[in-house]
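Undergrad: I'd like to ask some things about the structure below.
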Amino acid sequence: MAVIIDGKKISSEIKDELKELAAKYKSEGKEVTLAVIQVGNDPASTVYVGNKKKACEYIGINSISYEIPEETTQEELLKLVNDLNDRDDVNGILVQLPLPSHIDEDVIIKSISPKKDVDGFHPQSVGALSIGQKGYVSCTPAGVIQLLKRSGIEIEGKECVILGRSNIVGKPMALLMLRENATVTVCHSRTKNLKEVTSRADILIVAIGKPEYITKEYVKDGAVVIDVGIHRKENGKLCGDVLFEDVEPAASAITPVPGGVGPMTIAMLMNNCMQSV
Ligand code: GUN
């Protein structure tokens with residue numbers, strides 16, 4: 001029987017700590033303000049943006065929201081980001097992804113000042129992480145580190161295998177685990193003998209983007225399994241990249257979906273916002 005790592009509880013604890021910090025800042029006359037930009041009205045983005053605004057309100061972070069039309073041009077969006085870069089009363093800027101296809105996401109991400117890049121997506125933020133310098137860290141991988149640490153799971157010296165190599169999760173995850181002194185392997189959809197590689201892991205972090213792909217054959221007995229995936233099944237239920245019922249009996253600890261990694265992303269975004277003042 002594995003320990004079920006409760007991301008909802010851990011994220012609530014973090015948000016409560018941040019709420020206290022925000023109150024302390026306020027008493028010192030310091031305000032924290034996040035600007036959130038959503039282009040178009042993708043329903044999933046609307047839910048995510050709504051949750052981010054709610055979290056801001058809970059903690060005591062001001063949020064300014066820009067819900068702008070799908071037809072907005074790249075130049076118009078760049079101008080908005082640049083205006084926000086220049087405003088002293090805005091500490092963090094978040095442009096919700098994905099953007100409409102006529103806008104180049106890389107150009108927009110690069111236009112956000114690294115000082116206000118609370119998503120940690122700017123090349124300068126990623127570069128700083130890779131050489132161990134200060135900068136914003138991408139929220140989902142930062143959340144995984146907190147889940148592990150706050151569950152008392154030792155990272156140092158452990159074999160960590162990360163399945164997935166995206167810029168937002170897999171790559172920063174590898175750098176963070178390295179920073180915590182794990183021995184890190186990154187594998188992906190083209191890896192040969194994938195089961196052999198993932199079975200080496202003391203800590204297996206799965207972000208492959210395939211529903212219920214990881215079965216017990218991929219997992220060493222007693223491993224810690226962190227599932228970053230989230231998918232909606234045909235029956236309407238949510239699931240992760242890990243087939244939970246199959247893997248849970250073999251694992252020593254595992255994150256559920258929902259209620260595992262998911263809630264941590266927003267908690268860590270709020271943490272980044274608090275660091276932006
Ligand atoms: N779309 C899905 N997740 C994210 C995120 O963490 N940040 C932004 N900006 N867009 C997203």
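The values are calculated or read from the model by the stated rules, or taken from the named source; none is laboratory data. Only a predicted model underlies this, so the values are computations on that prediction, with no experimental measurement involved. Every residue, glycine among them, receives a Cβ derived from its backbone with ideal geometry; neighbour counts consider all protein chains shown. These area figures cover heavy atoms from the full protein model, side chains too; ligands, DNA and RNA do not enter into them. Shrake-Rupley method; radii C 1.70, N 1.55, O 1.52, S 1.80 Å.
Undergrad: Rounded to the nearest 20 debye, what is the charge dipole size of the range 134-277 about its Cα centre when +1 sits on each Lys and Arg Cβ and -1 on each Asp and Glu Cβ? Please report the intermediate quantities before stating the final value.
TA: Values: 17 positive and 15 negative charges, 107 e Å.
Charge dipole, the range 134-277, about its Cα centre: 520 debye, nearest 20.
Undergrad: Any chance you could give the angle, 0 to 90 degrees and rounded to 10, that helix 43-59 forms with the longest Cα principal axis of the chain?
TA: 80
Undergrad: Sequence gap at least 6, Cα distance under 8 Å: using those rules, report the relative contact order of the chain to the nearest whole percent. If you can, show how the numbers build up before the last one.
TA: Values: 547 pairs, mean separation 62.0, N = 277.
So the answer I get is 22 percent.
Undergrad: Where Lys and Arg each count +1 and Asp and Glu each count -1, what net charge lies around Thr46 among other residues with Cβ under 14 Å from its Cβ? Walk me through the numbers before you get to the answer.
TA: Details: positive: Lys52, Lys53, Lys54; negative: Asp42, Glu67, Glu70.
Net charge in that neighbourhood comes out at 0.
Undergrad: Can you work out the Karplus-derived ³J(HN,Hα) for every residue in the range 223-233? Use 6.51 cos²θ - 1.76 cosθ + 1.60 with θ = phi - 60°, whole Hz, and x for glycine or proline.
TA: Each residue's phi maps through the Karplus curve to give 6, 8, 10, 10, 10, 8, x, 8, 9, 9, 7 Hz.
Undergrad: To the nearest 20 debye, what charge dipole does the range 90-183 have about its Cα centre, counting +1 at the Cβ of each Lys and Arg and -1 at the Cβ of each Asp and Glu?
TA: Details: 10 positive and 9 negative charges, 43 e Å.
My answer is approximately 200 debye.
Undergrad: Hey, can you find the accessible area per residue of the chain for me, probe 1.4 Å, expressed in square angstrom? Numbers along the way, then the final one.
TA: Details: 13500 Å² over 277 residues.
Per residue, the chain has an accessible area of 49 Å².
Undergrad: Roughly to the nearest percent, how much of the accessible area of the chain is carbon and sulfur, given a 1.4 Å probe? It would help to have the intermediate numbers written out before the result.
TA: On the way: 6810 of 13500 Å².
After summing per-atom areas, the C and S share lands at 50 percent.
Undergrad: Ok, one more. Hey, got a sec? Which GluC sites (Glu not before Pro) in the range 31-108 land in a DSSP loop and have at most 10 other Cβ atoms within 10 Å?
TA: Glu71
Undergrad: Specify the inter-centroid distance of the range 1-80 and the range 204-234, based on alpha-carbon positions, in whole Å.
TA: After rounding, the separation between the Cα centres reads 27 Å.
Undergrad: Evaluate the charge dipole of the chain about its Cα centre and quote only its size in Debye, nearest 20, assuming +1 on the Cβ of each Lys and Arg and -1 on the Cβ of each Asp and Glu. Could the numbers behind the result be given before it?
TA: Numbers: 32 positive and 38 negative charges, 108 e Å.
For the chain, the charge dipole is close to 520 debye.
Undergrad: Turning to a different aspect of this structure: Can you tell me the orientation of helix 262-275 relative to the chain, as the angle in degrees between its alpha-carbon axis and the longest Cα principal axis, to the nearest 10?
TA: The answer is roughly 40 degrees.
Undergrad: Another question, if that's okay. Long-range amide H contacts for Val32: which residues qualify at under 5 Å (H placed 1.01 Å from N, peptide plane, sequence gap of 5 or more or a different chain)?
TA: HN-HN under 5 Å from Val32: Asn62.
Undergrad: I've got another one for you. Counting only residues 5 or more places away or on other chains, whose amide H sits under 5 Å from the amide H of Thr183 once H atoms are built in the peptide plane?
TA: Under 5 Å from the amide H of Thr183: Gly157, Lys158, Glu159, Cys160.
Undergrad: Relative contact order for the range 63-174 using alpha-carbon pairs under 8 Å, separation at least 6, rounded to a whole percent? Let's see the in-between values first.
TA: On the way: 96 pairs, mean separation 20.2, N = 112.
That works out to 18 percent.
Undergrad: Could you tell me how many degrees, from 0 to 90 and to the nearest 10, lie between the Cα long axis of helix 7-27 and the main elongation axis, the longest principal axis, of the Cα atoms of the chain?
TA: 30
Undergrad: Using label points projected 7 Å from each Cα along Cα→Cβ, tell me how many nm separate Asn62 and Lys210, to one decimal.
TA: Result for the modelled spin labels: 4.8 nm.
Undergrad: Using label points projected 7 Å from each Cα along Cα→Cβ, tell me how many nm separate Arg232 and Ala44, to one decimal.
TA: 1.0
Undergrad: Over the alpha carbons of the range 1-106, what is the largest minus smallest coordinate on each principal axis, giving the biggest first in Å?
TA: Projected onto its principal axes, the Cα set of the range 1-106 covers 46, 46, 20 Å.
Undergrad: Express the relative contact order of the range 122-174 as a whole percentage, based on alpha carbon pairs under 8 Å and six or more residues apart in sequence. Mind showing how you got there, number by number?
TA: On the way: 31 pairs, mean separation 19.7, N = 53.
Contact order relative to length: 37 percent.
Undergrad: Could you tell me what fraction of 2.2 N^0.38 Å the Cα radius of gyration of the range 207-277 comes to, as a two-decimal ratio?
TA: Working: Rg = 14.1 Å, N = 71, 2.2 N^0.38 = 11.1 Å.
Ratio of Cα Rg to 2.2 N^0.38 Å: 1.27.
Undergrad: Then there is this: DSSP loop trypsin sites (Lys or Arg not before Pro) in the range 19-85 with at most 14 other Cβ atoms within 10 Å of their Cβ, which ones?
TA: Values: sites: Lys19, Lys24, Lys26, Lys30, Lys52, Lys53, Lys54, Lys79; in loops: Lys30.
Qualifying residues, ordered by number: Lys30.
Undergrad: What is the distance, in nm, between label points placed 7 Å from the Cα along the Cα-to-Cβ direction at Val3 and at Leu97?
TA: With each label point 7 Å from Cα toward Cβ, the separation is 3.2 nm.
Undergrad: For a label point 7 angstrom out from the Cα of Lys149 toward its Cβ, which stretches of the range 176-219 have the backbone nitrogen within less than 14 Å?
TA: The answer is 176-182, whose backbone nitrogens lie closer than 14 Å to the label point.
Undergrad: I would also like to ask the following. Quick check: net charge around Glu245, other residues with Cβ under 15 Å of its Cβ, Lys/Arg +1 and Asp/Glu -1? Let's see the in-between values first.
TA: Details: positive: Lys216, Lys233, Lys237; negative: Glu212, Glu217, Asp227, Asp241, Asp246, Glu248.
For residues surrounding Glu245, the net value is -3.
Undergrad: Turning to a different aspect of this structure: Which of the GluC sites (Glu not before Pro) across the range 176-277 are loop residues per DSSP, with 11 or fewer other Cβ within 10 Å?
TA: Hits after loop and neighbour filter: Glu234.
Undergrad: Which residues does a label at Glu70 reach in the range 15-42, if reach means a backbone N under 11 Å from a point 7 Å past the Cα toward the Cβ?
TA: What the label zone holds, given the 11 Å backbone N cut-off, is 40-42.
Undergrad: Let me ask something else about it. Can you work out the FRET efficiency for the pair Lys192 and Leu78, with r the C-beta to C-beta distance and R0 = 45 Å, to the nearest 0.05?
TA: Numbers: r = 43 Å, r/R0 = 0.95.
Computed FRET efficiency for Lys192 and Leu78 comes out at 0.60.
Undergrad: Here's a follow-up. How long are the three semi-axes of the equivalent ellipsoid for the chain, computed from the Cα gyration tensor as the root of 5 times each eigenvalue, in whole Å, largest first?
TA: Values: eigenvalues 208, 85, 66 Å².
So the three semi-axes of the chain are 32, 21, 18 Å.
Undergrad: Then there's this: Going toward the positive end of the dipole of the chain, with +1 on Lys and Arg Cβ and -1 on Asp and Glu Cβ, which of Thr72, Ala142, Gly29 do you reach last?
TA: Final value for the positive-end residue is Ala142.
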